[in-house]
Every structure is written in C-alpha cells, then in structure tokens.
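Quick note: the coordinates plus some simple rules give every number you see, no bench work behind them. Worth saying up front: this structure is predicted, and the values here are computed from it rather than measured. Here the Cβ is made from the backbone with ideal geometry for all residues, glycine too, and neighbour counts use every protein chain on show.
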Amino acid sequence: MRIVVLVKEVPDSYGERRLNLITGFADREASERVLDEITGRAVEAAVSYAESAEGVEVALLSMGPESAESTLRKALAMGADSAHHVVDPGLAGADLSLSAEVLAKAVEEIGYDLVIAGDVSSDGTGGLVPTMVAEYLGVAHATSLDSVQITESSVTGERAGYGGTVAVQAQLPAMISVTERLPDPRFPGFKGIMGAKKKPLEKYSLADLGVDAGADVPRSIMLSVAETPPRTAGEKITDQGDAGAKLGEYLIEKKVV
C-alpha cells in the first residue's frame, strides 16, 4: 500500500507577509519558508498508520521552487520513505486549477492507494486543491476530516456538519484532506534527521509529467493589488453635552447606521 502526502512550503505565519505589487504574487522572500503546519498533521497521519501496518509506504509530494527540497527533507525526517518534487519555471504563478492538474499527474506517476493533504494551506487558504486533485484522478474524496481511520481497503473519518458531525467512508483508492483537529506532528529526532538525508528524492518537470502549461499560466489572475493603507488616528469626541449627537453623526457619515 502506498500513501502519498501532499506537502507544501509556505511563508512562516509568524513572519511578515507581503504581496508583490507588480505581479500580485506572494512575496516568499519576506519571511522564512517553513513546512505548512497542516501538512505536518497530514504526514503524521500517514506515518502513524504506516508504523501500525505492514507493507505501507509513505511518499511525499510537493510542487514548488528549489527551496522546497529542504522542506521535503524535514518532512522525510518524520518517517516518510521517499519524496517527490515538481519544480519547473513554467509553474511560476500557477493557480489552483493548474496546481491540481500537475499534482494529480505526479500522483499517478508515483502510484498511490491513498492521497492525504491538509484541508486549507496557511498562505493561499484556497481549500480547493484536494477536491480538484481527486477530480483529476477520478477517485472519491473525503475532505476536512477531523479524525481518520485507514485500513487496507478503505478510509473513514468524521467532519463537522450543521449541528453535529458527519461520518464518511471511501473505498480506496481515494483522496482525503485533514483539519487542525488531527494530532500534532511529531518532532523528528536525530536519527530521523540523519536518515532523511539518504532517502530518495526524485524531481519532475512539466515535460516529465506530460503537462503543457503553455500560455495558460496563470489560468486566472489577480486584477489589482494594493497595500493596506496605514492606520490613522481616530476622531476624539469630547462630551460637552452633545457627545451623543456627534457620535450619531459620525456613525451616519461612516454609513455604520
């Protein structure tokens, strides 16, 4: 059995975040690049199952710049068996549709029984890639799972619903995404870190996967982008018997009431 985990390198949530005002893309040099926390939970779910069952291989897959190799090595240190990295200059500015297509092609190239991803990345927060990958693969998908149970033939879990929880099940092969309710990822030990350096890491280009991005990159674009205006001092109202009236006029002017 092979489980493929989608891994994403993102700007550190605790660092500065900026958009490039010319391209509209995230400025990934603005802060340190790290393994997305939700990705870590997905890796933990896969590795934990692999430790409890025989014949289970965990493969990591990432689409990103050259720097993502370091992030993949860190995830390998958690106990995954191999890593796969799609890196191609033609993917600069790839939107959700192209990203999902490329990831699906790579998953097919690797071979899989189950694909696991985080439900929402901390940078783009699109939350659509897992479902789109499943559509490209033509398999069942169960998204935003708060708990996961994997067997040789199926995957089950629970996700939040209106007024309660919903139990879902899918026969393998399948695609799932997990939420922050899953256990925290383990902290790699020295043995895992050293072992990760020797584990296989294969790279793919668009040509390797048979994807022709052509003039379709990006397939969708941001029409405009601007910096948030700086904060200004608020208006101070001194009560001289007419504070209520002034407050009312202010709220009307700002179209709050």
(request) Evaluate the charge dipole of the stretch 2-216 about its Cα centre and quote only its size in Debye, nearest 20, assuming +1 on the Cβ of each Lys and Arg and -1 on the Cβ of each Asp and Glu. (result) 520
(request) Enumerate the lysines that K197 could reach by cross-link, defined here as Cα to Cα under 17 Å, with residues fewer than 8 away along the same chain left out. (result) K74
(message) At a 10 Å Cβ-Cβ cut-off, how would you order E9, E227, fewest neighbours first?
(response) E227, E9
(request) May I ask you to compute the full-extension gain from E32 to A53, defined as 0.36 nm times their residue separation minus their alpha-carbon distance, rounded to one decimal in nm? (result) 4.0 nm
(message) What distance in nm separates the two pseudo spin-label positions at D208 and A160, each 7 Å out from Cα along the beta-carbon direction?
(response) 3.8
(request) Give me the distance in nm between label points sitting 7 Å out from Cα along the Cα-to-Cβ direction at K255 and E135, one decimal. (result) 3.4
(request) Using the structure shown, select from K8/K203; K105/K198; K8/K199 the pairs with a Cα to Cα distance greater than 23 angstrom. (result) K105/K198
(request) Return the single residue from M63, M78, M194 with maximal mean-square fluctuation; model: Gaussian network over the chain, springs between Cα atoms under 10 Å. (result) M194
(message) Output the 0 to 90 degree angle, nearest 10, between the alpha-carbon long axis of helix 243-253 and the longest principal axis computed from the alpha carbons of the chain.
(response) 50
(request) For the stretch 129-136, take each phi angle, set θ = phi - 60°, evaluate the Karplus expression 6.51 cos²θ - 1.76 cosθ + 1.60, and give the result in whole Hz per residue in order, putting x for glycine and proline. (result) 4, x, 5, 5, 4, 4, 5, 5
(request) Can you tell me the equivalent ellipsoid semi-axes for the chain? Use √(5λ) from the Cα gyration tensor, largest first, whole Å. (result) 40, 23, 19
(message) Given the stretch 132-172, report the % of alpha carbon pairs whose separation exceeds 15 Å.
(response) 45
(message) Can you tell me how the stretch 112-257 classifies by the Cα gyration tensor, rounded, prolate or oblate, using a/c under 1.5 as the rounded cut?
(response) prolate
(request) For K254, list the aspartates and glutamates whose Cα falls under 18 Å from its own Cα; do not include residues on the same chain fewer than 8 positions away. (result) E235
(message) Just to be sure I understand the model, the point goes 7 Å from the Cα along the line to the Cβ. What's the resulting E235 to E180 distance in nm?
(response) 3.7
(message) If I take every Cα pair under 8 Å that is 6 or more residues apart in the chain, average their sequence separation and divide by the length, what percent do I get for the relative contact order?
(response) 23
(message) Nearest 500 deg cm²/dmol is fine: what mean residue ellipticity at 222 nm does the chain get from its DSSP H runs of n ≥ 4 alone, each adding -39,500 (n - 2.57), divided by its residue count?
(response) -8000 deg cm²/dmol
(request) May I ask for the Rg/Rh ratio of the stretch 96-186, computed from Cα atoms with Rh as the Kirkwood radius, given to two decimals? (result) 0.96
